[in-house]
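Heads up, the thing below is written out as structure tokens.
The values are calculated or read from the model by the stated rules, or taken from the named source; none is laboratory data. Since we're looking at a predicted model, the values are computed, not measured. As a convention, Cβ positions derive from the backbone with ideal geometry for all residues, glycine included, and neighbour counts pool all protein chains shown. For accessibility, only protein heavy atoms count, side chains too; no ligands or nucleic acids. Shrake-Rupley method; radii C 1.70, N 1.55, O 1.52, S 1.80 Å.
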Amino acid sequence: MNYKPLGKTGIMVSQLCFGTMSFGSRADKEQSHAMYSMCRESGINFFDCANVYQKGVAEEYLGSFIAGERDKVVVTTKAYGAMGEGVNDKGCSAKNLRRSLHQSLKRLGTDYVDVFFLHHYDPCTSEEEVLRTLDSFVREGKVLSIGVSNYAAYQVERLLRTSDVKHLVGVQCIQPMYNLAKRMAEVELFPMAQAEGMGVITYSPLAGGLLTGRYAKADGKSSGRLVENPKYKVRYEGPFYEQVGASFAEYAASLGLHPATLGIAWVMANPAVTAPILGAASPEQLMPSLQAISHPLNGEVLKHLDTISPPLPPAHDRTEERS
């Protein structure tokens with residue numbers, strides 16, 4: 001396992017991050033602990049979480065796992081989503097962020113998190129209000145670094161501009177969706193992150209299971225996230241995604257690789273990415289993703305994958321200037 005600096009934070013993280021969204025849902029506590037142990041044995045020191053994952057259960061599980069080695073691991077959590085029925089129980093207001101952080105720290109059993117993410121953009125709260133709240137968390141020692149997830153590049157830049165002008169803590173890490181079927185992050189988010197020296201941890205590297213090829217089979221269309229979860233169904237529905245999933249799985253087989261191994265390795269090959277976030281419901285599912293570190297991709301493979309899902313035009317749409 002190799003380790004990289006997380007942007008300009010000075011924190012060194014493993015080249016793979018493990019996402020805990022399955023903790024307490026698709027994985028019970030025993031399975032969750034087994035996956036945590038597999039990650040640690042492979043050298044992973046980076047774990048991503050969020051308060052909304054099973055309404056705090058994932059944080060409780062992760063907190064119990066890191067209890068004996070808190071200083072050896074890098075832990076993130078997020079706030080924004082509703083954790084209660086009240087009108088102020090969601091969003092990026094100072095009221096909700098402060099309550100959310102305190103509850104997360106309690107569930108995680110720690111007095112600080114390494115990265116605190118805003119899980120979504122909140123149009124109802126000003127950039128300065130959000131940053132003043134986050135700045136206070138850092139000054140209090142409860143948060144070491146700030147990140148944002150599911151933000152557009154212009155929204156991140158507005159935060160950076162405000163933090164510079166107001167002398168407040170800035171965004172140091174982004175967490176966008178990124179996989180072979182969803183390449184939008186390459187257009188503006190990745191160039192912005194590289195220019196600003198940000199850490200980049202990407203989620204959904206296997207497109208919710210699409211890239212495993214399971215949904216290309218008749219018996220694979222009866223269950224799974226792309227069938228059962230309305231959000232995933234909308235995200236990956238249609239002929240293009242079906243073709244990408246089937247072609248990708250077929251190509252992985254021709255290389256003698258598990259689709260998960262190839263999918264993770266493809267994300268890792270992008271120089272803008274600090275670490276892809278792995279997801280799994282069991283140790284058996286996790287194993288091929290961990291094997292990606294042993295299978296760096298050469299130019300020929302990357303070029304072929306571009307024929308399966310072509311890169312998007314640059315932001316200025318002058319395709320002929322693509323480097």
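The table that follows gives values for the structure above.
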quantity	calculated
Residue count for the stretch 286-298, restricted to those that are assigned to a helix (DSSP H, G or I), more than 13 Å from residue 15 (Cβ to Cβ) and open to solvent by less than 50 Å² (accessible area, probe 1.4 Å)	2
Selected residue [within 23 Å of residue 7 (Cβ to Cβ), in contact (Cβ under 8 Å) with a residue 12 or more places away in the chain and within 22 Å of the chain's Cα centre (by Cα)] from 71, 135, 122	122
Members of the stretch 37-75 found to be among the polar types (S, T, N, Q), farther than 25 Å from residue 148 by Cα and buried (at least 16 other Cβ atoms within 10 Å of the Cβ), listed by number	42, 64
Residue satisfying all of: in the stretch 304-323; open to solvent by 100 Å² or more (accessible area, probe 1.4 Å) and part of a loop (DSSP other than H, G, I, E, B); modelled with the highest pLDDT among these	316
Pairs with Cβ under 7 Å, 6+ apart, first in the stretch 174-201 and among the basic types (Lys, Arg), second assigned to a loop (DSSP other than H, G, I, E, B) and open to solvent by 10 Å² or more (accessible area, probe 1.4 Å)	183/311; 183/312
Enumeration of residues in the stretch 106-126 that are surrounded by 15 or more Cβ atoms within 10 Å (Cβ to Cβ), farther than 21 Å from residue 170 by Cβ and not polar (S, T, N, Q)	107, 108, 109
Test: residue in the stretch 259-271 that is more than 14 Å from residue 179 (Cβ to Cβ) and surrounded by 22 or more Cβ atoms within 10 Å (Cβ to Cβ)	no
Any pair with Cβ under 6 angstrom, 6 or more apart, that starts in the stretch 81-106 at a residue that is closer than 16 Å to residue 126 by Cα and assigned to a loop (DSSP other than H, G, I, E, B) and ends at one that is open to solvent by 30 Å² or more (accessible area, probe 1.4 Å) and among the small types (Gly, Ala, Ser)	90/82
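Okay, residues lined up against (1) in contact with a helix residue (DSSP H, G or I) (Cβ under 7 Å, 6 or more places away or on another chain); (2) in a loop (DSSP other than H, G, I, E, B); (3) among the basic types (Lys, Arg); (4) open to solvent by less than 10 Å² (accessible area, probe 1.4 Å):
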residue: 158; (1), (2), (3), (4): yes, no, yes, no
residue: 162; (1), (2), (3), (4): yes, no, no, no
residue: 169; (1), (2), (3), (4): yes, yes, no, no
residue: 174; (1), (2), (3), (4): yes, no, no, yes
residue: 185; (1), (2), (3), (4): no, no, no, yes
residue: 190; (1), (2), (3), (4): no, no, no, yes
residue: 193; (1), (2), (3), (4): no, no, no, yes
